[in-house]
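The values are calculated or read from the model by the stated rules, or taken from the named source; none is laboratory data. Note that this is a predicted model, so its numbers are computed, not measured. Every residue, glycine among them, receives a Cβ derived from its backbone with ideal geometry; neighbour counts consider all protein chains shown. Protein only, heavy atoms only, side chains kept; ligands, DNA and RNA dropped before computing areas. Shrake-Rupley method; radii C 1.70, N 1.55, O 1.52, S 1.80 Å.
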Amino acid sequence: MNAPETIVTSRLTLPVHGMSCASCVAHVEKALAAVPGVASVAVNLATESATVQGASLDAATLRRAVDEAGYEVPTDTLQLAIEGMTCASCVARVEKALAAVPGVLRASVNLASESARVEVVRGVASARLLAAAVQEAGYAARVETAAAPAAARDPAAAMKRDVIVALLLAAPLVAPMVLALFGVQLALAPWLQWLLATPVQFWCARRFYVAAAKAVRAGTGNMDLLVSIGTLAAYGLSLYLWLVAGHDGHLYFEASAVVIALVLAGRWLEARAKRQTSEAIRLLGQLRPATARVLRDGVEVQVPLDDVLLGDRVVTLPGERIAVDGVIREGATSIDESMLTGESLPVDRNPGDRVATGALNTTGRVVVETTAVGGDTMLAKIIRLVEDAQAAKAPIQRLVDRIAAVFVPVVLAIAAATVIGWLLGGAPLEVAVINAVSVLVIACPCALGLATPTAIIAGTGVAAKHGILIKDVEALEIARSVEVVAFDKTGTLTEGRPRVVATVAGDGLSEDEVLALAASISAGSTHPLAEAVGAAAAARALAVPPASRHKTIAGRGALARPGDGDAEVLLGSRAWMSELGTDIGPLVAAAGEHERAGRTVSWLARRDGGPVTLIGLLAFADTLRPGARPAIERLRRLGIETTMLSGDSAGAAAAIAAALGLAHHEANVLPQQKSARVTALKAGGRRVAMVGDGINDAPALAAADLGIAMGTGTDIAMHAAGVTLMRADPRLVPAAIELSRATVRKIRQNLFWAFVYNVVGIPLAALGFLSPVFAGAAMAASSVSVVTNALLLKRYRLPADAPTAEGRNG
């Protein structure tokens with residue numbers, strides 16, 4: 001009689017938010033019970049948790065079931081620094097180890113930054129469990145925070161001594177080969193070769209053996225295993241030929257020592273180069289001061305930055321960096337925000353103005369009231385965005401990871417086949433072994449593993465330095481292939497600070513009366529045109545009548561009842577007046593003149609029980625941004641079509657388009673219509689980018705293939721778009737596209753050479769055309785060349801086009 005089959009079950013407790021009654025409990029239990037493999041479910045309303053038992057429980061699948069039922073499983077994202085990874089095979093092993101921890105939803109490991117980003121179910125998978133899993137896989141891990149990254153480790157410094165010693169000891173071994181090229185014959189005694197090679201083999205190369213042993217214990221392989229087997233084979237063969245076979249001729253001590261020296265040198269150069277690729281994120285992390293000078297009971301007290309609370313007043317002296325996000329309450333100064341926005345010139349800041357953590361106070365003492373600290377500051381959000389982009393994997397990297405997972409076993413099989421093949425062909429044992437050593441040494445999964453992440457880290461880092469935040473790899477890929485860029489007008493191509501330049505009165509009113517009524521309607525509104533009306537009325541010191549029953553009609557205008565009467569006064573667009581049946585004939589000529597000058601016209605009308613009567617109009621002018629025309633010209637040179645979406649009348653939009661050199665534009669576009677216009681631009685499969693302020697244009701940004709938010713890093717701007725421009729310079733739009741193209745180009749170049757190198761190098765080594773020394777040099781050069789190629793992205797400079805048109809409308 002057969003014994004019953006044992007089924008291994010596991011248990012997982014998930015936090016569940018959003019439950020409010022017994023019905024919710026039933027819904028969650030039903031949703032989880034429907035997941036394949038779940039044997040039992042117990043949901044507790046009091047503790048807001050669900051305990052699930054079953055075979056092969058997957059946290060991501062369970063979370064999806066809860067989400068689809070209308071509830072939420074809260075998650076956290078942990079950043080781990082991983083030590084000991086050397087190639088793409090290591091990446092695959094660490095990801096597999098992390099993914100196996102109960103409660104892990106997603107794990108992404110980056111070889112170039114030596115880090116892992118892990119999304120976990122809150123309270124289930126802890127940093128301790130993750131670190132233990134990584135350690136069991138043969139590596140070391142520690143937690144870093146996104147708001148204040150830990151001081152970057154410098155593996156290059158620890159490796160430098162080993163490199164120097166290995167090169168010094170290997171130099172005499174390779175000298176006879178070099179001198180032979182010039183006809184000078186020099187032979188070192190076997191015992192001297194052994195004496196020089198042994199410290200290199202067993203001391204300088206110790207890091208290879210440690211990493212290789214960990215890989216073997218974990219049941220996998222890596223580049224260290226290949227180097228260890230290859231060099232030990234060459235060293236062992238040399239000992240055999242010298243001590244057993246009594247061979248006094250050529251030994252292979254120089255092959256093992258030189259390979260180790262070259263591989264170490266390559267690792268050292270690679271570590272230095274990788275550190276440079278992540279320089280941008282490291283510099284951003286260093287902007288955050290460790291302490292702050294806080295006013296407590298009128299006395300300045302130096303406290304750790306983590307102790308600063310919302311509402312605290314922080315004193316910043318000239319030459320110090322702003323410690324918190326906040327509003328200046330006392331003092332005035334100039335602030336250098338270059339590391340945050342890419343703006344090279346300091347900007348003046350006065351009481352009431354906002355400042356950000358990390359900005360440099362250059363001239364005056366200021367007191368800042370704290371509005372955000374720690375992970376909620378703009379600096380922390382920028383760091384998180386850049387880290388997210390750098391941690392993400394391009395689609396092609398998934399293929400690379402699958403190849404890397406089988407790379408080492410395949411190479412070991414090829415090396416074994418090389419030995420057998422040469423021996424069957426009648427070659428001596430030493431020839432067969434040395435050719436197999438060349439195969440092991442030249443094979444390089446490192447180049448494959450580094451090809452994509454180094455380019456992404458370098459590209460997104462350079463972009464951040466210029467004030468361009470790329471949200472993820474998908475945004476990078478889309479930006480590269482954008483064919484059409486649609487610009488919102490106000491605040492994007494123009495400064496977004498309109499001013500009243502003309503008031504035209506009708507119906508027997510004076511210009512001052514028209515402006516006062518318009519200011520009454522606009523009171524309390526934050527719309528740029530409403531603020532311009534209020535400023536114009538204040539400048540003329542007009543008596544603005546109080547109004548009641550304020551109402552805003554989206555995309556059309558506003559209305560209210562000034563004074564004590566029942567009459568409504570309306571201020572809005574020509575389209576709204578037409579909808580209301582207003583006769584605008586008496587002022588059409590005046591309006592047309594202003595619109596042809598590129599000005600925005602708002603119409604003022606009265607409604608008192610009867611038809612709506614026109615009583616005047618106001619003309620507004622806005623200043624074109626200095627970089628607007630150069631940006632459009634540069635996009636044209638990149639082969640990208642540009643258009644403008646404007647709510648202005650046809651005449652005003654045409655005048656602005658002409659000033660900017662735009663071949664296409666659309667007028668009278670209401671905010672709610674912009675997303676439909678963007679969708680129409682995508683007809684025929686064209687890739688469309690929408691550039692807006694990230695708040696008013698959020699639907700249009702979402703409708704575009706790529707949303708580009710031009711703002712100052714507000715939450716809405718940074719989440720509504722794939723790319724956020726940290727300063728309002730339209731020239732950053734073509735710069736973002738150029739950088740995306742350059743980054744993707746580097747990824748493809750790196751992958752091409754990494755694949756070609758292995759596809760060509762391994763067969764040549766197996767056929768005996770490459771010596772171990774040459775193979776070691778080539779292997780070291782492959783990794784260094786991939787990282788160095790990515791570093792070329794750091795040479796990118798924002799084009800210094802002087803503005804060719806600064807036009808002032810009106």
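The simple spin-label model puts a point 7 Å past each Cα toward its Cβ; for ALA650 and LYS30 those points are separated by 5.7 nm. The Kirkwood radius of region 282-345, taken over pairs of alpha-carbon atoms, gives through the Stokes-Einstein law at 20 °C and 1.002 mPa s a diffusion coefficient of 165 µm² s⁻¹. Restricting to Cα atoms and excluding each atom paired with itself, what does the Kirkwood estimate give for region 587-700 in Å? Evaluated on region 587-700, it is 16.0 Å. Projecting label points 7 angstrom from Cα along Cα→Cβ for LEU509 and ALA213 puts them 8.9 nm apart. Note on region 424-527: Kirkwood hydrodynamic radius from all Cα pairs is 21.8 Å, rounded to one decimal. Only lysines eight or more places from LYS674 in sequence, or on another chain, were considered; those with a Cα closer than 17 Å are LYS489, LYS682. If a spin label sat at a point 7 angstrom from the Cα of ALA683 along the line to its beta carbon, the backbone N atoms of region 449-488 nearer than 19 Å would be those of 483-487.
Here's the picture: a label point sits 7 Å out from the Cα of ARG354 along the beta-carbon direction, and within region 525-552 nothing has its amide nitrogen under 13 Å of it.
Can you give the convex hull volume of the alpha carbon atoms of the chain per residue, in Å³?
On the way: hull volume 200.1 nm³, N = 810.
Expressed per residue, the convex hull around the Cα atoms of the chain is 247 Å³.
Considering all different alpha carbon pairs of region 69-134, the Kirkwood hydrodynamic radius works out to 12.1 Å.
Distance from the Cα centroid of region 655-711 to that of region 438-461 is 38 Å (rounded to whole angstrom).
Heavy-atom accessible surface of TRP242, to the nearest 10 Å², is about 60 Å², with a 1.4 Å probe and all protein chains retained. Legend: calculated FRET efficiency, ARG497 to LEU670, from the Cβ-Cβ distance at R0 = 25 Å, rounded to 0.05, equals 0.70.
Separation of region 116-144 and region 162-230, taken as the distance between their Cα centroids, equals 35 angstrom.
Length available on full extension from LYS551 to ALA99: 0.36 nm per residue minus the Cα-Cα distance, which gives 157.3 nm. Relative to the longest principal axis of the Cα atoms of the chain, helix 650-660 runs at roughly 40 degrees. Taking every Cα-Cα distance in region 544-585 and sorting them into 5 Å bins starting at zero, the pair-distance distribution P(r) comes out as 5, 23, 27, 21, 17, 6 percent. For region 537-630, pairs of C-alpha atoms spaced more than 21 angstrom apart make up 42 percent of the total. Relative contact order for the chain: 12 percent, from Cα pairs under 8 Å spaced at least 6 residues apart, divided by residue count. Within the assembled protein chains, the solvent-accessible surface assigned to SER108 is about 20 Å², based on a 1.4 Å probe.
Ignoring lysines fewer than eight residues from LYS471 along the same chain, the ones with Cα atoms less than 20 angstrom from its Cα are LYS381, LYS393, LYS746, LYS794.
Return a whole-number percent for the relative contact order of region 38-151, with Cα pairs under 8 Å and 6 or more residues apart as the contact set. Computed value for region 38-151: 26 percent relative contact order. Each label was represented as a point 7 Å from its Cα along the Cα-to-Cβ direction; for ALA175 and SER126 these points are 5.9 nm apart. For the chain, the longest principal axis of the Cα atoms and the long axis of helix 253-277 meet at an angle of about 10 degrees.
Considering only the chain, what is the antiparallel percent among its DSSP beta bridges, to the nearest 5?
Working: 88 of 107 bridges.
Antiparallel bridges: around 80 percent, rounded to the nearest 5.
Axis angle, to the nearest 10 degrees, between helix 88-99 and the longest C-alpha principal axis of the chain: 60 degrees. Normalising by residue count, region 493-649 has a Cα convex hull of 121 Å³ per residue.
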